[in-house]
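Undergrad: Sharing a structure, written as structure tokens. Questions coming.
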Amino acid sequence: MKKTLTEAARLLCLLLLITPPLTSCSNDDDETVPMIVPQAEKMSFTSGNYAKRLPLEISGVAEWNADVAYTGSETGWVSVKKEAAAVLLTVEPNTGAARSAALRISAPGVADILIPLSQKAQFSSELIGSYVPDDAINEYYGAHFVTEWNEKGAPNLTLAGTELPWMLIEAMVPTLLGAYYSQGLAGLELMDDGRIGVKYHSVTLPNGIESILDPVFGKEELAFPDAVTMPTVPLDVVTYYTKDGKIYLAADKRFIAQVDPGTLGAPICTMIDGMIAKYSLPVVNDADIYALPFKYTLDGESLLIYVDRSMILPFKQLLTDLIGQLLPAVDADGDGKPDAGAVDPAAIVQFVNDVFDNSTRFELGIYLKKQAA
């Protein structure tokens, strides 16, 4: 009996020794570790006056604070507003050199978080202003299409057994482009800080591709960016700048990366970088943006934005590769006979090659009219 009691006592002591650690572990598992995770590693702004939102992932934190630590002598150019799970940052216009600061986020139990902030130097361009389609400038509703050819001449296009002469194509391309452009675009704002604003009308094709020559445009004038897009699309996601007679339209890399981080098999920016390298495309590709160049001429109130043969030529191989991949085979059903109405990808590829090889001049663009300030 004594031996049994002694063993029971030892067991009780052992349980008492084990219980506190077990209890402690259980409490730790129930506690949420304080955490604040910003959804961006840095934030950049143009030289304008506008706001951008930094979303935060917050857990286990009841109170937190956000302020700005400035670099250099300029202070006060960033305003901070706390939201439920975000920080709204508003910058003042910059009329001088580029400037920088850091957003500081602090909370009990969380190490201070510093997010670098930068604002570009004062912007300048001769194209700053408001524009509308100049649909009265020519018979193509403001579209610009000019071609010249070598001794081989302009190629014809064969579609589903029907040969389309270049004369018909030369009339259809600018007419179709001009119709969509002049009725779809209501206004273009090239802002004084490099941002772009667009006013437009929606377009629908009631019978799908069969309605391509008879589109229906909405009466309501829409805008981008606007209050609806601002929570998810930054106001500076698309910008422009001018250099050496060209206007560059730029897209923010960080936003593009967020659109698809890798569901296509690789991060979308990695795929774009690979395409630019593979085809040696003339695309500006730096740490922050992708930018496509377009030529322009400004004559008084008339602005022509266009691409020419030399600018399109580097995209030739990419274009022919895409045609081969996207268009279905002529004999899709495998019966050994061409499908009814099938478009031969090889014929399209040959046409594209002939256009590039036979042309000595090829320009495609749009005319815009600058509005009085």
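Undergrad: Going by the alpha-carbon gyration tensor, a ≥ b ≥ c the square roots of its eigenvalues, is segment 181-285 rounded (a/c under 1.5) or, if a/c is not under 1.5, prolate (a/b greater than b/c) versus oblate?
TA: Judged from the Cα gyration tensor, segment 181-285 comes out prolate (a/c at least 1.5, a/b above b/c).
Undergrad: Between ARG361, ARG99, ARG53, which gets the highest mean-square fluctuation from a Gaussian network model of the chain, Cα cutoff 10 Å?
TA: ARG361
Undergrad: May I ask for the distance between the Cα centers of segment 65-127 and segment 253-283, given as a whole number of Å?
TA: First find each Cα centre; the distance between them is then 28 Å.
Undergrad: Size of the dipole of the chain about the Cα centre, Lys and Arg at +1 and Asp and Glu at -1 on the beta carbon, nothing else charged, in debye to 20?
TA: Using only the charged Cβ atoms, the result is roughly 1340 debye.
Undergrad: Right, something else. Using packing as a proxy for protection, rank 111-121, 297-307 so that the peptide with the highest average count of other Cβ atoms within 10 Å comes first.
TA: 111-121, 297-307
Undergrad: Compute the long axis of helix 268-279 from its Cα atoms, compare it with the longest principal axis of the Cα atoms of the chain, and write down the angle in degrees, 0 to 90, nearest 10.
TA: Around 40 degrees separate the two axes.
Undergrad: Starting from the eigenvalues of the Cα gyration tensor, five times each then square-rooted, give me the equivalent ellipsoid semi-axes of segment 112-239, largest first, whole Å.
TA: Result for segment 112-239: semi-axes of 38, 20, 16 Å.
Undergrad: What per residue convex hull volume, in Å³, comes out for segment 185-229 when only alpha-carbon positions are used?
TA: 103
Undergrad: What order do you get for 204-217, 33-46 when each peptide is scored by the mean count of other beta carbon atoms within 10 Å, highest first?
TA: Packing proxy ranking, top to bottom: 33-46, 204-217.
Undergrad: Please report the carbon-and-sulfur percent of the accessible area for segment 109-266; probe 1.4 Å, protein heavy atoms only, DNA, RNA and ligands left out.
TA: Carbon and sulfur together cover 58 percent of it.
Undergrad: Still on this structure, I have one more. Whole-Å semi-axes of segment 130-202's equivalent ellipsoid, largest first, each the root of 5 times a Cα gyration tensor eigenvalue?
TA: Its equivalent ellipsoid spans semi-axes of 32, 14, 11 Å.
Undergrad: Output ³J(HN,Hα) for segment 209-226: one whole-Hz value per residue in order, computed from phi by the Karplus curve 6.51 cos²θ - 1.76 cosθ + 1.60 with θ = phi - 60°, and x for Gly and Pro.
TA: Result, ordered by residue: 4, 5, 9, 4, 8, 9, x, 10, 9, x, 7, 6, 8, 9, 9, 9, x, 8 Hz.
Undergrad: Right, next: Per residue, how much accessible area does segment 219-335 show when a 1.4 Å probe rolls over the protein heavy atoms, in square angstrom?
TA: Accessible area per residue: 58 Å².
Undergrad: Related question: When DSSP assigns beta bridges and you keep just the ones with both residues in the chain, what percent turn out antiparallel, to the nearest 5?
TA: 95
Undergrad: Can I ask one more? Could you work out the equivalent-ellipsoid semi-axes for the chain, taking the square root of 5 times each eigenvalue of the Cα gyration tensor, largest first, in whole Å?
TA: 56, 33, 19
Undergrad: Something else about it: Cα axis of helix 345-358 to longest principal axis of the chain: angle in degrees, 0 to 90, nearest 10?
TA: Result, in degrees: 70.
Undergrad: Taking Cα atoms, how many degrees apart are the long axis of helix 316-326 and the longest axis of the chain, rounded to 10 and kept between 0 and 90?
TA: 70
Undergrad: For ILE268, what accessible surface area do you get with a 1.4 Å probe? Give it in Å², rounded to 10.
TA: 40
Undergrad: Set the bar at 20 Å for Cα to Cα. Now go through LYS295/LYS369; LYS253/LYS295; LYS219/LYS295; LYS120/LYS295 and name every pair that lies beyond it.
TA: Where the Cα-Cα span goes over 20 Å, the pairs concerned are LYS253/LYS295; LYS219/LYS295; LYS120/LYS295.
The values are calculated or read from the model by the stated rules, or taken from the named source; none is laboratory data. Being a predicted model, the structure only gives us computed values, none of them experimental. Glycine gets a Cβ as well: all are built from the backbone with ideal geometry, and neighbour counts include every protein chain shown. Remember, those area values only see protein heavy atoms, side chains included, never the ligands or the DNA or RNA. Shrake-Rupley method; radii C 1.70, N 1.55, O 1.52, S 1.80 Å.
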